[in-house]
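Data first, discussion second: the structure below is written as structure tokens.
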Amino acid sequence: MSLSIIIAIIVGIFSGMLILPPSWAAHMDLITTIALNILILFVGIDLGMNKSIFKDLKHHGYIILMIPTAIIAGSLIGGLVAGFIYHYDYNLSLSVGAGFGWYSLSGILLSKLHSAELGAVAFLTNVFRELIAVVMIPVLAKYLNDYTAIAPAGATSMDTTLPLISRATKPEIVVVSFINGAILSALVPILVPFLYAL
């Protein structure tokens, strides 16, 4: 699974550099959105056909809230450590860490709150988080456990990385993943400005 993802990314890079005309760039966002929505539609159909999934959610209990709590703690601690290494003020590094993988929103928020430089740092940090998640989700699901596979995805566990989580884990984990992504996505526009203001 991971190998096919890496190959797809490499083929995509070379296609963008050598094959596709530059005029396609203006339409890539629309094409990506349509493809993502089709993937999520099929994940939803798969969930709907498996009637026992929602009953099994009761067995997950506190884990449904524990996963986003652990991801928040890990992301903020990681932000602090990176800020210390690169000599950023703690409030800046915390606010970058609070993007939870939602690169478009966190980048824009921090560009407006502070500077284009910090917005670019937030954007790239969260883009790389998503790229690392794409590679690590199948590995974590195989060698650790299904719940761990949700962690690198952060807020994207409800959209862009959801099809990958669906393929790498059990069907009931997809529901937990979606709930995790929804919680983290709701917190990004709250936590980024709050932590920046500290």
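Is there any pair linking a residue in segment 105-125 that is touching a residue at least 12 places away in the same chain (Cβ under 8 Å) and on the phi < 0 side of the Ramachandran plot to one that is outside any helix (DSSP H, G or I) and of a type in the set (G, A, S), with Cβ under 8 Å and at least six apart or on different chains, and which?
Taking only residues 6 or more apart or on different chains, the pairs are L105/G99; S106/A98; S106/G99; G107/G99; A122/G99; T125/G99.
Just one of (1) of a type in the set (S, T, N, Q); (2) surrounded by 15 or more Cβ atoms within 10 Å (Cβ to Cβ); (3) within 16 Å of the chain's Cα centre (by Cα) trips up S93, so point out which.
Answer for S93: the failing condition is (3).
Would you call G107 under 30 Å from I7 (Cα atoms) and crowded, with 21+ Cβ neighbours inside 10 Å?
yes
Restricted to segment 113-171, and to residues that are within 12 Å of the chain's Cα centre (by Cα) and not in a helix (DSSP H, G or I), which residue is surrounded by the most Cβ atoms within 10 Å (Cβ to Cβ)?
It comes out as T161.
Which residue is farthest from M158 (Cα to Cα), if the candidates are limited to segment 69-104 and must be of a type in the set (S, T, N, Q) and without any contact (Cβ under 8 Å) to a residue 24 or more places away in the chain?
So, considering only residues that are of a type in the set (S, T, N, Q) and without any contact (Cβ under 8 Å) to a residue 24 or more places away in the chain, the one farthest from M158 (Cα to Cα) is S93.
If you go through segment 92-110 one residue at a time, how many are of a type in the set (S, T, Y) and under 17 Å from A73 (Cα atoms)?
Selection size over segment 92-110: 2.
The numbers here are math on the coordinates, done by the rules we state, and not lab data. Here the structure is a predicted model, which is why all the values come from computation and not from measurement. Because the Cβ atoms are built from the backbone with ideal geometry, glycine has one as well, and the counts that use them run over all protein chains shown.
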